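All of the numbers you see were taken from the coordinates with simple rules; none came from a lab. Note that the structure is predicted; figures quoted are calculated from it, not measured. Reconstructed Cβ throughout: ideal geometry from the backbone, glycine too, with neighbour counts over all protein chains shown.
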Ligand SMILES: [Zn+2]
């Protein structure tokens, strides 16, 4: 790691609850941010600027024009080139703090890679947009006694909770069942960038407390706001709920991959296919697809357009198919154009 520029962190060191000792702890800290959309962008930006020494960023998606309203690490050229968010984030962070280590991973967090992608860190931060991944993080974190911070934002509403396994409630204590189907998504309700910044700022501060050892200062509630209606709520999460299946009975079905279908992504009419892991030769596939529609690729993604669908393929064989929410159609398009 390069030497730290003198004075880079001077204003943060002056804050006595961090000080030089806390700054040293931050430099030695390792965190992972799962999902680098709007919330993940702000978390990564704040914690990279604050000097967290190693930041792993896991994201399965690529930058699009509709992201730029709120996903503060990305610019128009990232959207034009469909750069994967993890890669674009790492490039942008290197421009303002080249003295920390950023490890971008273009991947969907699933049970079989959770140990590699989320293991060996001091803290997991939630920048995801779905409960399926959050339950996977919760199972992994509770099982391995790793702290994590839940964050979510939709419309003008934002919510966050610190999960300190063995101390506080876990995600399943508060939400035993996925609220999917009963809550709105960014696709139906839209999203205010300020709601994202609020929740990520609070979570980033909680992360700093944990990493410098100020654990007793961490909030032990599920905290939520609606920035438009000015409603605020806190639900106690000081201790685990009696009988919680996850942190009480220590049953971890999400680590075993139960109930993981294709995923419909937030904010888009699209389906992700990630069950067919295979190495992909972009040049070969490009040549094959050229007569069938528009196709282009860079080092990270291949895009293929054939009305009314848009297929985005990643080097590990994962694909995002836009233009449908029907998994059967998505599967058949994948088989037809990429292979079964
Ligand atoms: Zn629990």
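Could you tell me whether the range 35-95 comes out rounded, prolate or oblate from its Cα gyration tensor? Rule is a ≥ b ≥ c as square roots of the eigenvalues, rounded for a/c under 1.5, then prolate if a/b exceeds b/c, otherwise oblate. Let's see the in-between values first.
Working: a/c = 1.82, a/b = 1.74, b/c = 1.05.
Prolate is the answer for the range 35-95, as a/c is 1.5 or above and a/b outweighs b/c.
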Practice task
Using a 10 angstrom cutoff on alpha carbons, build the Gaussian network for the chain and name the most mobile of 130, 294, 138.
Solution key: 294
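May I ask you to order 148-161, 69-82 by the average number of other C-beta atoms within 10 Å around their residues, highest value first? Walk me through the numbers before you get to the answer.
Numbers: 148-161: 24.1, 69-82: 17.8.
In decreasing order of mean packing, 148-161, 69-82 become 148-161, 69-82.
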Exercise for the section: With springs only between Cα atoms under 10 Å apart, run a GNM on the chain and tell me which of 14, 26, 43 wobbles the most. Expected result: 14
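Let's test the formula: R0 of 51 Å, r as the Cβ-Cβ distance of residue 21 and residue 316. What FRET efficiency results, to the nearest 0.05?
Values: r = 41 Å, r/R0 = 0.81.
Approximately 0.80, to the nearest 0.05.
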Fill in the blank from the handout: Between the alpha carbon centres of the range 326-340 and the range 1-77 the gap in Å comes to 38
Problem - residue 288-residue 250 pseudo-label distance in nm [points 7 Å out on the Cα-to-Cβ vector] - result: 4.7
Practice task
Decide, for the range 78-121, between rounded, prolate and oblate: order the square roots of the alpha carbon gyration tensor eigenvalues as a ≥ b ≥ c, take rounded if a/c falls under 1.5, and otherwise choose prolate if a/b is larger than b/c, else oblate.
Solution key: oblate
Exercise for the section: Please label the shape of the range 21-159 as rounded, prolate or oblate, based on the square roots a ≥ b ≥ c of the eigenvalues of the alpha-carbon gyration tensor (a/c under 1.5 means rounded; beyond that, a/b larger than b/c means prolate, else oblate). Expected result: oblate
Problem - Projected area averaged over orientations for the chain, convex hull of C-alpha atoms, nm² - result: 17.4
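Only bridges whose two residues both fall in the chain count here: according to DSSP, what percent of them are antiparallel, nearest 5? Let's see the in-between values first.
Numbers: 38 of 56 bridges.
Close to 70 percent.
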Problem - Span per principal axis, largest first, for the Cα atoms of the range 81-240 (Å) - result: 38, 36, 31
Practice task
Measure nothing but the geometry: give the 0 to 90° angle between the long axis through the Cα atoms of 131-143 and the longest principal axis through the Cα atoms of the chain, rounded to 10°.
Solution key: 50
